[in-house]
Amino acid sequence: MNAAREPFSPLRIERHELWILLAIVLVARVVACSVLPLSDEAFITFRYARNWAGGFGPVFNPGEHADLLAGTTSLGFAGLLAIGMRAGLDPTAAATLLGIVCDLASAWLLIEILDRRRIACGVALLAFALLPPLAAISAGGFESPLFTLLFLGALLSTQRGRWQLGGLLGAFATLLRPEGLLLLALLAGSALRQRADLRRFALPVLAIGVLALVWMLAVFGSVVPPPFQGPPTLGLGASWPVPLARAARTLQEAFCPALYCLPLLPLVLLGIGASLRKRDVLALFTLAALLVSASFVTGRVRAGEGWFHLALCAWCVWLSCGSARSASAGRSCWSCSWRSRPRAAIRCASASTHRCRRARVRSGACSRTLGSSPRRSARWAGPGRGASTTAAAGPGARLPSSRTSGA
């Protein structure tokens, strides 16, 4: 019977459990925002947004020439905050509130991506709420929570046949972070089988892309930023060469964000393999997250920053998939060792009992046939059967009874 059609299934998360998990995420984010400070880079974005809202353009200081390589991590997020400031909103409060709302919506989308499976959803949302690096990024005032929300929304929309909405969300995600280009390429590759889907997906992407390119040419005079080299990466592999140390630190941030997460690494790796074998939106999300982490490794990206929000969300999903797979294997082993084996033993014992009973019946028949007593043998054999039985025993046959042999 299909578990989705049953009123209660132990494998599916119930509605009250879903609301409890979302409440945990909300409380964890509110506590994080009240305890953890905003990041210094967030205030750089706030300054760009203030100057932009004041009519000076996307610059750090009024009167400066707008440079395509802005000091802010996201010109799209600075423009969104500038719109809020023009409406009278405080940028710090707006960024904090937006981060909480985006994380709640992302938690809901993670539940949909995990197909509402109880163990996977429970582990994923608890890790999403309580993982300290993820909470610090969400409370830091970055654009990453909004980028993750648009990323997940684009994946789910395209997998459910809403290609126009997926293209729209993917294009807006690209305006926030350049990693959105990887998402657009991946979704376009998945739409190659159906030309109609590809056309519906490409229409909003091309429209927003053309508008963004025209605006960049008008404001900056170029669409290609100059090369940028970030500061050397410290931490894991600090004595190594700078590219190798950066790659090692990025891999650590993506697959083991903290030292206490090291015992969970086998479950994370198991979850990556299990999710890639699904061949659905979960596999597409895993592939996209791996591509983003690979772009961080190969690019000049500093590890430990607010850009790893999506990678840490993927870590939570992989941990949940590995935990669900381990729980399923544990249930199978428990069933085999404590349920199937006793039943098999009972069946074997029953079969052996029947075999022994048949053997005892046969041995009793033989003893009765040969006759432990001539009277019993004659009485059982009936008239005319005793002589033939004795003859069948052969010449010199010895009967088991001493009386018979003595007679």
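The values are calculated or read from the model by the stated rules, or taken from the named source; none is laboratory data. From a predicted model like this one, the values you see are computed outputs, not experimental measurements. For neighbour counting, all protein chains shown are included, and Cβ atoms are generated from backbone atoms with ideal geometry for every residue, glycine included.
Here is a yes/no grid of residues against (1) surrounded by 24 or more Cβ atoms within 10 Å (Cβ to Cβ); (2) modelled with pLDDT of 95 or more; (3) under 22 Å from TRP307 (Cα atoms); (4) of a type in the set (Phe, Trp, Tyr):
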{"site": "ARG116", "(1), (2), (3), (4)": "no, no, no, no"}
{"site": "ILE119", "(1), (2), (3), (4)": "no, no, no, no"}
{"site": "LEU130", "(1), (2), (3), (4)": "no, no, yes, no"}
{"site": "THR158", "(1), (2), (3), (4)": "yes, no, no, no"}
{"site": "ARG177", "(1), (2), (3), (4)": "yes, no, yes, no"}
{"site": "LEU181", "(1), (2), (3), (4)": "no, no, yes, no"}
{"site": "ALA185", "(1), (2), (3), (4)": "no, no, yes, no"}
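With respect to the conditions (1) touching a helix residue (DSSP H, G or I) at 6+ places or on another chain (Cβ under 9 Å); (2) assigned to a helix (DSSP H, G or I); (3) small (Gly, Ala, Ser); (4) under 30 Å from ALA314 (Cβ atoms), ALA82 lacks only one, and its number is (4). Only residues that are without any contact (Cβ under 8 Å) to a residue 24 or more places away in the chain and assigned to a helix (DSSP H, G or I) were counted across the range 138-164, and they come to 1.
Restrict the check to the range 315-332 and report whether at least one residue is of a type in the set (Gly, Ala, Ser), assigned to a helix (DSSP H, G or I), more than 25 Å from LEU262 (Cβ to Cβ) and modelled with pLDDT under 80. Yes, that holds for at least one residue. Assigned to a helix (DSSP H, G or I) and buried (at least 16 other Cβ atoms within 10 Å of the Cβ): is that true of THR96 in this structure? Criteria met by THR96. Taking the criterion of being in a helix (DSSP H, G or I) and free of Cβ contacts under 8 Å to residues at least 24 places away in the same chain, the residues of the range 175-197 that qualify are LEU181, LEU184, ALA185, ALA188, GLY189, ARG195, ALA196.
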